[in-house]
Amino acid sequence: MHLRNLKMGTRKRTKLGLALEQSAKEILAHVKGESRLPIRRIVLPNQVDVKRIRIKAGMSQSEFERAFCINPRTLQEWEKGRRKTDATTSA
(Lines give C-alpha, C1' and ligand atoms only; values in the text may rest on other atoms or scores of the structure.)
Protein backbone atom coordinates (compact mmCIF):
# COMPACT_ATOMS: atom_id res chain seq x y z
CA MET A 1 0.00 0.00 0.00
CA HIS A 2 1.39 3.38 -0.98
CA LEU A 3 1.01 6.46 1.19
CA ARG A 4 -0.96 8.29 -1.48
CA ASN A 5 -3.61 5.57 -1.32
CA LEU A 6 -4.31 6.35 2.35
CA LYS A 7 -7.21 8.69 2.93
CA MET A 8 -6.36 11.33 5.50
CA GLY A 9 -8.65 11.31 8.50
CA THR A 10 -9.83 7.74 8.04
CA ARG A 11 -7.25 6.29 10.42
CA LYS A 12 -7.34 6.91 14.15
CA ARG A 13 -4.39 8.99 15.34
CA THR A 14 -2.65 7.65 18.42
CA LYS A 15 -1.42 9.65 21.39
CA LEU A 16 2.13 8.75 20.45
CA GLY A 17 1.61 9.88 16.87
CA LEU A 18 0.12 13.19 18.03
CA ALA A 19 2.98 13.71 20.50
CA LEU A 20 5.56 13.02 17.77
CA GLU A 21 3.81 15.42 15.41
CA GLN A 22 3.78 18.14 18.09
CA SER A 23 7.46 17.53 18.87
CA ALA A 24 8.36 17.82 15.18
CA LYS A 25 6.48 21.14 14.98
CA GLU A 26 8.35 22.45 18.04
CA ILE A 27 11.72 21.44 16.58
CA LEU A 28 10.90 23.06 13.24
CA ALA A 29 9.86 26.30 14.96
CA HIS A 30 13.11 26.24 16.96
CA VAL A 31 15.23 25.69 13.84
CA LYS A 32 13.46 28.58 12.12
CA GLY A 33 14.17 30.79 15.14
CA GLU A 34 10.48 31.18 15.95
CA SER A 35 10.77 29.65 19.43
CA ARG A 36 13.36 28.63 22.02
CA LEU A 37 13.57 25.19 23.55
CA PRO A 38 14.73 24.60 27.14
CA ILE A 39 18.41 23.84 27.63
CA ARG A 40 19.50 20.91 29.77
CA ARG A 41 23.02 20.37 31.01
CA ILE A 42 24.33 16.94 31.84
CA VAL A 43 27.49 16.73 33.90
CA LEU A 44 29.35 13.44 33.71
CA PRO A 45 31.78 12.47 36.46
CA ASN A 46 35.47 12.41 35.64
CA GLN A 47 35.83 8.89 36.99
CA VAL A 48 33.28 6.09 37.00
CA ASP A 49 33.57 3.36 39.62
CA VAL A 50 32.36 0.47 37.47
CA LYS A 51 32.89 -2.13 40.19
CA ARG A 52 30.77 -0.15 42.67
CA ILE A 53 28.01 0.21 40.10
CA ARG A 54 28.13 -3.51 39.29
CA ILE A 55 28.06 -4.56 42.94
CA LYS A 56 25.27 -2.11 43.77
CA ALA A 57 23.28 -3.60 40.90
CA GLY A 58 23.82 -7.03 42.45
CA MET A 59 25.43 -8.44 39.33
CA SER A 60 28.36 -10.77 38.83
CA GLN A 61 31.05 -9.77 36.36
CA SER A 62 29.68 -12.17 33.75
CA GLU A 63 26.11 -10.88 34.22
CA PHE A 64 27.32 -7.29 33.89
CA GLU A 65 29.37 -8.10 30.80
CA ARG A 66 26.43 -9.77 29.07
CA ALA A 67 23.92 -7.10 30.08
CA PHE A 68 26.04 -4.26 28.70
CA CYS A 69 27.97 -6.08 25.94
CA ILE A 70 31.33 -5.42 27.58
CA ASN A 71 34.42 -7.45 26.83
CA PRO A 72 35.36 -9.44 29.98
CA ARG A 73 38.97 -8.23 29.83
CA THR A 74 37.83 -4.60 29.55
CA LEU A 75 35.62 -4.93 32.64
CA GLN A 76 38.49 -6.48 34.61
CA GLU A 77 40.81 -3.65 33.54
CA TRP A 78 38.25 -1.02 34.59
CA GLU A 79 37.66 -2.64 37.96
CA LYS A 80 41.39 -2.93 38.71
CA GLY A 81 41.95 0.71 37.69
CA ARG A 82 44.38 -0.16 34.92
CA ARG A 83 42.08 1.33 32.33
CA LYS A 84 39.49 4.13 32.46
CA THR A 85 36.08 4.32 30.84
CA ASP A 86 35.76 6.77 27.97
CA ALA A 87 32.93 9.17 27.09
CA THR A 88 31.04 6.54 25.08
CA THR A 89 30.85 4.14 27.99
CA SER A 90 30.26 6.79 30.64
CA ALA A 91 27.22 8.40 29.05
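General observations
- With every protein chain in place, the range 14-91: carbon and sulfur % of accessible area (1.4 Å): 55
- Eligible lysines near residue 25 by straight Cα distance, threshold 28 Å, same-chain separation 8 or greater: 7, 12, 15
The values are calculated or read from the model by the stated rules, or taken from the named source; none is laboratory data. What you see is a predicted model; the values in this text were computed from it and never measured. In case anyone asks, the SASA skips ligands and DNA or RNA and just uses the protein heavy atoms, side chains included. Shrake-Rupley method; radii C 1.70, N 1.55, O 1.52, S 1.80 Å.
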